[in-house]
Every structure is written in C-alpha cells, then in structure tokens.
Amino acid sequence: MLDYSEQNNWENDFGQRQSPIMLSTHDSQHFADYLPIHANEFYQLNTEIDDHTTIRLTGMGHATIFNRDFKFKQVHFHAPAEHIVDGKVNPIEIHLVHENEIGQTVVVAVFPTLGNANSELQDIINNFEEGNRHSVSLKLTNWISSLSTGFHYQGSLTTPPLTEGIEWLVINNSKLTVSPKQVDWFIAQFGKNNRDCQPLNERNVQYYNK
Ligand SMILES: [Zn+2]
C-alpha cells in the first residue's frame, strides 16, 4: 500500500519531468482559446478497484485529443488536489486516464469545486466495494466540456513507478461540483492521497483560455 507520508522516499528512476506541478496562468505560454479535447457524450464505468489509496474505476469511452484517438482506461480520485493552480489547492482532483494505440498516455485532470453533491460520484461512493461491477455512466459533457480551458504539459504518473512521458491536460473551468460531505468521505476512506508538487525544471506549460 502506498504511504503518502513517505512520498519523499518513493523510488524515482526517471528524472526531472515529474508531476504534479504548480501551474500559473500568468507564467504559462498562451496557445489557443480551448484545450483540443472532444470526448464521447458518455463514459461507461464498469469495475471498481479499491487499492486502499483511492477508488479506481475502469470502463469504456473515447476521446479525441490534439486530433489523436484515445481510449479511456480508468478514472480515480485524489483529495486534496495534486496540481496547484495560481496558488489554489482544490478539494478534489479527478484523473481520467486515456491511452492510444501506440501507447501514449494522456491524463485529463479535472477539479470540481465545492457545492452540490455530484450524483455520479455519489453513485460510486454508495456502491463502493472492491471488484464491484455496478455500472455508472458519466455524462462527459459535465466532466469534460468541449469548451475546456486549462493547461497542457509533459509530466509523469503521480504514483510509483512515477513513469515519465505522460501528457497532462489540466482543466481549470470544470462545472462539476462535489459536496463537503463527499470530500470528507474520500479523506475518511483513504486519508490524504495527493503527491506534493514537483519542480518544473526545463519545461514549458501551454495555457488555453479565451
Ligand atoms: Zn492520479
């Protein structure tokens, strides 16, 4: 089991392009109005995996990202958020992991804000059980809008083996909300499961915003 209090001792055989990082709208290079991502209307989540540090759900979905075809692999949750945007730590960060045929991985990160309970998330919480096959449909227009703004950069997995060569799309205008009770449930269940921000080093971050 991953111990986040020992994260400074996690073995990193990679290097200087790690995730998460601090993101700054001011210091990033402005590219275009919107992140070039278009996802299916629904992703179907089928299997729930409890690895004692988060819930992961595998399923089916499809997205076009920078004109490349990606398949949805899994979604999981971090509380509090891992990427820090303009100094702000969000209560939860959702990672939607996508992979294409030539093995490229894109993680789409979404920050819900505090507000009303998210019903799809509540469905996941209510049915939380290792290996559960209760099916949940994510209405992706809520999770990944085609008018998403945010950041694009090259980083790594945020859990061991911390593999680099991972592409990140960090969406900063999500309309998703989660309730304080839902955030508390995650923290009570898993403890804090966010990796600390890593040095940017020699990397450019692209910013997409109208
Ligand atoms: Zn993650």
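Okay, here's what the table says:
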read-out: Subset tally (residues that are open to solvent by 10 Å² or more (accessible area, probe 1.4 Å) and either in contact with a helix residue (DSSP H, G or I) (Cβ under 9 Å, 6 or more places away or on another chain) or more than 13 Å from the ligand (Cβ to nearest atom) (or both)) for segment 96-109; value: 6
read-out: Some residue of segment 188-200 being more than 16 Å from the ligand (Cβ to nearest atom), under 17 Å from the mean Cα position of the chain (by Cα) and free of Cβ contacts under 8 Å to residues at least 60 places away in the same chain; value: no
read-out: Unmet criterion (only one of (1) on the phi < 0 side of the Ramachandran plot; (2) away from the ligand (no atom under 15 Å from the Cβ); (3) buried (at least 19 other Cβ atoms within 10 Å of the Cβ); (4) touching a residue at least 60 places away in the same chain (Cβ under 8 Å)) for residue 114; value: (3)
read-out: Per-region count, segment 18-33, residues open to solvent by less than 100 Å² (accessible area, probe 1.4 Å) and touching a Cys at 6+ places or on another chain (Cβ under 8 Å); value: 2
read-out: Residue check for residue 8: of a type outside the set (A, V, I, L, M) and over 23 Å from residue 191 (Cα atoms); value: no
read-out: All positions within segment 73-95 that are within 12 Å of the ligand (Cβ to nearest atom) and among the acidic types (Asp, Glu); value: 82, 93
read-out: Matching residues in segment 147-178 - criterion: being among the small types (Gly, Ala, Ser) and either more than 19 Å from residue 193 (Cα to Cα) or more than 14 Å from the ligand (Cβ to nearest atom) (or both); value: 148, 150, 165, 174
read-out: Filtered residues of segment 135-177 (kept if part of a loop (DSSP other than H, G, I, E, B), surrounded by 18 or more Cβ atoms within 10 Å (Cβ to Cβ) and among the hydrophobic types (A, V, I, L, M, F, W, C)); value: 144, 157, 162, 176
read-out: Some residue of segment 119-129 being within 15 Å of the ligand (Cβ to nearest atom), open to solvent by 10 Å² or more (accessible area, probe 1.4 Å) and not aromatic (Phe, Trp, Tyr); value: no
read-out: Every residue from segment 40-79 that is open to solvent by 20 Å² or more (accessible area, probe 1.4 Å) and closer than 21 Å to residue 205 by Cβ; value: 66, 67, 68
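The values are calculated or read from the model by the stated rules, or taken from the named source; none is laboratory data. Computed from a predicted structure; not experimentally measured. Using ideal geometry, Cβ is built from the backbone for each residue, glycine included, and neighbour counts are taken over all protein chains shown. Each accessible area value is taken on the protein alone, full model and side chains, heavy atoms only, with ligands, DNA and RNA left out. Shrake-Rupley method; radii C 1.70, N 1.55, O 1.52, S 1.80 Å.
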